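A short worksheet on the structure shown next.
The values are calculated or read from the model by the stated rules, or taken from the named source; none is laboratory data. Because the structure is a prediction, the values reported are computed rather than measured. We place every Cβ from the backbone using ideal geometry, glycine too, and count neighbours over all the protein chains shown. Heavy atoms of the whole protein, side chains included, go into the accessibility calculation; ligands, DNA and RNA do not. Shrake-Rupley method; radii C 1.70, N 1.55, O 1.52, S 1.80 Å.
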Amino acid sequence: MNSQNTPVHIKLWHREFWQLAVANLFLSMSVYMLIPVLPLWLIQEENFSMMETGLLMGVFAIGLFLFGPFVSYMVQHYRRNRVCMHAILIMVLCHGLLWYIDSLKWEFVEFGLILLQRFVLGALFGFAQMVLASTLVIDTCESFQRTEANHSASWFGRFALSLGPLTGIVLQQIWGFNIVIIVAAGLALASVLLIRTVDFPFRAPEDHVHVFSCDRFLLDKGGVLFLNLLLITIAIGIAIGQMDSLPEYGMMMVGFLLALLAQRFMFRDAELKSEVVTGLILLLAALLIILTNQTVAAGYISSTFIGMAIGIIGTRFLLFFIKLSRHCQRGTSQSTFMLAWESGLALGIGMAYLLAVWLPQQVNIVALILAVVAILMYNWVTHSWFMKHKNR
C-alpha cells in the first residue's frame, strides 16, 4: 500500500522556521486580501467594466512566470534572502501605487496602468515565493526534515487564502479601500522584517550558472501534474471569484482545519490515490450545491467543502511534485507547484468575471466541467503516470 503519512519532527519548529512560515503567511495575505475588494473598487470607483476587471485579475497569473528563468542565477550570485526581500519591497511600492491612485478621487485611472501594476505585482510575488519556498525555507532545516518543512510552510500560505480575504472585507467595510492597501503593504513589510531577522549562512557564488535556466523554475517532466493541478485550481478560482462575504471565507477556514484533521487521521495510512479523489469529490459536491441550492446554509456547506478540497488536494499535489523530482530538483518542484497553484487561482478568479459577461448563467457549470475533466484526468492518466515516473 502506498501510504501518505508525513512524519512530524518537533525540532523542525524552531524560531527561524516559524519566522519564515509566518512571513509566507503575511506575504500571501498581502496579495489575497485584494481578491474580494479590488474588483469592487475597480468597478465602483474606477468605472471599469466586468470584462476589464476580469482581465485585470487574470493578468496576475501571467506575471507569475516573468522572473522564473532568472531565479537560479539570482540566488546563486546574490544573497538569497536579500533577493527575496528586495522583491517584496518592490511589491510594497506596487501596493503604494494603488493607494496613490485611490487618493486621486477626482480622476479615473487608465486601464493600462492598472494592467501593468497587476502584471508586475504578479511577477514580484511569483519571484518572492519561488525564492522563499524553494530556497530559504529549505536552508533553515536539516535534509531529513525538508519534505515536512515544505508541507508545513505551504499550509501557512493556504491559510492566507481565507485569512487574507477576511481581513480585506473587514477593513473595506469599516475604513474603506485605502486602508486595505495600507494594511496589505504593511503585511508585506512585516514579512520582510521576519526574513531579515533570520540568519542565513553565506554561500560562495557558483561558477558557470546560466542567466536563463529552468532550475528552481519549472520541473522538466512535471507537465502532466502541472496541467491536472491547473484545471483544478482554475475551477477553484472561479468559485472563489464569486465569494464576497465574511461567512463564506470563515467557513473556508473551517474546511482547512477539517482537511488537516482528515490528513492526520482519515488518510494517515490510506491508499495514495484516495486523497486527491476525495478532494475532487468534495469540490464537485461544492459546485453542485452552488448550482442547485442558494440558501445560506448551502453557502456555508459549499464554502466548507471548497476549503477541505483546497487543503487535501494542495497538500497531496505538493508531495507529488516533490516525489517526482530528483534530489537536486526539490526547489524546482516547489516552484512548479506554486506556479500551477497560483496561476490557476488567478486565472479562475479572472474567468469568474469574464464568464459573468459571456455566460452569466453558466459560470459554475464551466467550473463543474473543469472539475469533472480534472478528476477523470487524475483517475485515468495522472495517477498511473506519476506512479511510473516518480523518483522517491
Practice item. Quick one: dipole size for the stretch 15-94, taken about the Cα centre, charges +1 on Lys/Arg Cβ and -1 on Asp/Glu Cβ, in debye to the nearest 20. Key: 540
Review point. Out of residues 5 or more away from Ser325 or on other chains, whose amide H comes under 5 Å of its own, with H placed 1.01 Å from N in the peptide plane?
Key: Asn391
Study note, to complete from the structure: For the chain the mean separation of alpha carbon contacts under 8 Å (6+ apart) over residue count, i.e. relative contact order in percent, is 29
Check your understanding: If you count, for each residue, the other Cβ atoms within 10 Å and average over each peptide, how do 152-164, 133-145 line up from highest to lowest?
Key -> 152-164, 133-145
Revision key, fill the gap. As straight-line cross-link partners of Lys221, the qualifying lysines (C-alpha separation under 27 Å, not fewer than 8 residues apart within one chain) are Lys273, Lys323, Lys388, Lys390
Check your understanding: By average Cβ neighbour count within 10 Å, what is the ranking of 251-257, 382-388 from highest down?
Key -> 251-257, 382-388
Check your understanding: What nm distance separates the two modelled labels at Leu261 and Arg15, each placed 7 Å from Cα along Cα→Cβ?
Key -> 3.5
**Study point:** Dipole axis of the chain (+1 Lys, Arg; -1 Asp, Glu on Cβ), positive-most option in Gly54, Leu347, Gly68
**Key:** Gly68
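Could you order Val131, Val211, Val224 so the one with the most accessible surface comes first? Probe is 1.4 Å.
Values: Val131 0, Val211 65, Val224 40 Å².
Putting Val131, Val211, Val224 in descending order of accessible area: Val211, Val224, Val131.
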Study note, to complete from the structure: Treating only Lys and Arg (+1) and Asp and Glu (-1) as charged, each at its beta carbon, one finds that the chain has a dipole about its Cα centre, in Debye to the nearest 20, of 1180
Practice item. Select from Met33, Phe265, Leu231 the residue farthest towards the positive end of the dipole of the chain; place +1 on Cβ of Lys and Arg, -1 on Cβ of Asp and Glu, and compute about the Cα centre. Key: Phe265
Study note, to complete from the structure: Per 10 angstrom bin, beginning at 0 and ending with the bin that holds the maximum distance, the Cα pairs of the stretch 105-239 fall in percents of 8, 26, 37, 22, 7, 1
